[in-house]
Each structure stands twice: as C-alpha cells, then as structure tokens.
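Engineer: Before I ask anything, let me first share the structure, which is written out below as structure tokens.
The values are calculated or read from the model by the stated rules, or taken from the named source; none is laboratory data. Everything numeric in this text was worked out from a predicted model, so none of it was measured. Glycine also receives a Cβ, built like all others from the backbone with ideal geometry; neighbour counts cover every protein chain displayed. Surface accessibility is based on the protein's heavy atoms, side chains included, excluding ligands, DNA and RNA. Shrake-Rupley method; radii C 1.70, N 1.55, O 1.52, S 1.80 Å.
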Amino acid sequence: DFNSGGGAFPEAPLLKGRDGALYGVTSDHRYDIDSPGAGKIFKINPNGTGYAVIHDFGLKTGDGNYPGFGLTEGRDGALYGTTFFGGTGDGGVVFKLRKDGSGYRVLWSLPDRSEPLGPLREGPSGLLYGITVGGGSAHRGAIFSIDEEGHSPRVVDSFGRSAHDAQQPVGAMALDLQGNLYGGSMMGGLAGSGTLFRYPLTGPHQIIDNFNFTGGDGGYPDSPAALGTNGILYGTTISGGRLGHGTLYQVNPDGSGYKILANLSALPSGITADPTNGDLYFTATGGGAPAHLIGTLYRMTQTGKLKVL
C-alpha cells in the first residue's frame, strides 16, 4: 500500500530479478497533481515482505526525475533504467545501481527535451538500447545505445527523417533472438496515425506497418508490442477499429500477416505474452459489464478466444 513517504504512483511493470526479488519504480508525482517527490526505486519479496526503498531520486543536483518506465537487469546483475526528466540538461538520464541500493550513478544525462522511455533492452553484445520521444537529428525521437559502464553513449538512429517516417516512439522495444528491436510510434507513417518499426542492430530502422484507420484498422499504438512464443508480434491501438476504441492486432516481424484479432470497446493499455503457452493478456481503461466499471483485464488464447477475466 503505497504512500508518499515510501513511494507513490507506481506506473511501470515490476522486474523479477535473478535473485527472486521484485524491483519497481514509483514516479511520486503525476502531471495533474503537485508533489515534491521525484521518484523512487523499491524492492519487495514476492510474498509482500521486505519492502524497502533502495534509491530516492532528486536528492542531489543532476539526478534523474520521474522514473516511470521500469527497470532492466544487466548481465552484471545491476539494475538499469531511465528517467523522463532530470540530469544536467533536464532531458532525462540513464542510471545504474546494485540491487542492494549501493553504487547508484547517472551513466548519461541526455540533452534537453530528449525524454527517454524504457525499460532498456540489452543486445547480444551487451549494449543497452533505449528510445527517446524527442531528440535525434529531426527532434522526433531516437534510438540510443550505451554500455553497462556508461561508456560511449550515442544516438544510433533517428526518427522523423522523412514526412512518412515514424515519429515519437512510445513504450519499450521488444527484442527477438536474432537481436532485432521492435517498437511503435504514436505519430508518423503514411496516414499520420502511427507505425510499427524494426531496428536491426546494424541499423537503420525500417517501417513494417502503417496504421491508417481505413477498413476498420486501428491507429495510435501507445504501448509496446509483445513478441509471442511463436515469433509473432502482438499489440494494441487506442483508436480506430469497428467500435472506435482500438484494436488488438498481430503482425509478422517482416511486416507480413497483419491482422486485426479483436475490436475493442475500451481503450487498451499494455500487453504481454505468456511465455509458457502463448496466451495474450492486456488491460483496458473501461469496458466490461456493468458499464460503470473503470477497467478490465483480458485474455486472448492462441485459438483466438477473447475473454474478460
């Protein structure tokens, strides 16, 4: 039960560390309220015991602010993440700390208005990859890389390079076994209603699907796609579809086989694939029955049956 002293407003998925503990972040503030906090990182056992704040942001100049996007465990066992604001240029930071809360340091302060999202993804070479909403050569978003010691941080690809390119990438990227990264953008594309892109680690990114609203298609994918056990990408959009509130879709990593799996009656927010059987789970802000409910949890089985849990 969160409170301002021990962290408030947890907005990101939890990370289960290799030590069995759960790690998460709180933002401590939201855009619609005032709060003095800048965010915290916490640790808790799966049975609810042992809750502890292992880092409190904003306690010194140049630290990060608003770590609302989750954590990644590196090969070295340390925790890595990003903050949307803060750092020396107030463009957000990439940070690192040990699981006991020691060794915290800012690995990189990004330029103003970069606004990195997360969680980070670790490629086959050990480099960490992330995306930014702004920044890049066109100031429409970018992909960056950095190693676990903070060496050689750099922008490796930029969005918005043409009128129909992806713009303003959202959420986290998915990583396949071959080292390709996949993500979505809320803006850009042939119809201006969002894209799916693939980034081979040799670059540059490629558009594999354009959302367009025509023929019942969805638009504005505001959460990352999930890579299923069958190698297919699954995701949601928050607009379009026959019911006007978004869609659940699938597409092959090469862009073929795009298909609407469900037309949704409530705005979806996030999706994950069960690694044991491939079932999909996602939430929506609204929907269900009776109509006054303010959220639902769905499951889509591999046989195509959608069920409200």
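Engineer: Which residue fluctuates the most in the chain, going by a Gaussian network model with Cα springs under 10 Å, if the choices are Asn180, Asn252, Asn277?
Structural biologist: Among Asn180, Asn252, Asn277, the largest GNM mean-square fluctuation belongs to Asn277.
Engineer: On the accessible surface of the chain, probed at 1.4 Å, how many percent belong to carbon and sulfur atoms?
Structural biologist: Accessible surface attributable to carbon and sulfur in the chain totals 52 percent.
Engineer: Let me know the whole percent of all Cα-Cα pairs from region 66-186 that are separated by more than 22 Å.
Structural biologist: The answer is 27 percent, as a whole percent.
Engineer: Lys and Arg at +1, Asp and Glu at -1: add these up for the other residues within a Cβ distance under 11 Å of Phe69 and post the number.
Structural biologist: -2
Engineer: Is the C-alpha gyration tensor of region 1-103 telling us rounded, prolate or oblate? Criteria: a/c under 1.5 is rounded; beyond that, a/b larger than b/c is prolate, otherwise oblate.
Structural biologist: oblate
Engineer: If you don't mind, there's one more thing I want to ask. Less than 14 Å Cβ to Cβ from Gly171, Lys/Arg counted +1 and Asp/Glu -1: what total charge do the surrounding residues give?
Structural biologist: Counting the neighbours of Gly171, the net charge comes to -2.
Engineer: What size of dipole, in debye to the nearest 20, comes out for the chain about its Cα centre when the only charges are +1 on Lys and Arg C-beta atoms and -1 on Asp and Glu C-beta atoms?
Structural biologist: Magnitude of the dipole: close to 420 debye.
Engineer: Right, here's the next one. Taking a cut-off of 21 Å between Cα atoms, list the lysines near Lys307, but don't count ones fewer than 8 places away on the same chain.
Structural biologist: Here the lysines satisfying the reach criterion relative to Lys307 are Lys259.
Engineer: Which residue, Arg105, Arg299, Arg18, tops the fluctuation ranking in a GNM of the chain built on C-alpha contacts under 10 Å?
Structural biologist: Arg18
Engineer: A further question follows. Write down the Kirkwood hydrodynamic radius of region 155-309, to one decimal in angstroms, obtained as one divided by the mean of 1/r over all alpha carbon pairs.
Structural biologist: Radius from the Kirkwood sum: 15.5 Å.
Engineer: Something else about it: Largest first and to the nearest Å, give the Cα extent of region 146-226 along each principal axis.
Structural biologist: Its Cα atoms span 47, 26, 18 Å along the three principal axes.
Engineer: Keeping all protein chains in place, calculate the accessible area per residue for the chain (probe 1.4 angstrom), answer in Å². Present the calculation step by step, with values, prior to reporting the outcome.
Structural biologist: Details: 13820 Å² over 309 residues.
Ligands and nucleic acids excluded, the result is 45 Å² per residue.
Engineer: Which whole-angstrom value gives the distance between the alpha carbon centres of region 146-189 and region 236-270?
Structural biologist: Each part's Cα centre sits 21 Å from the other's.
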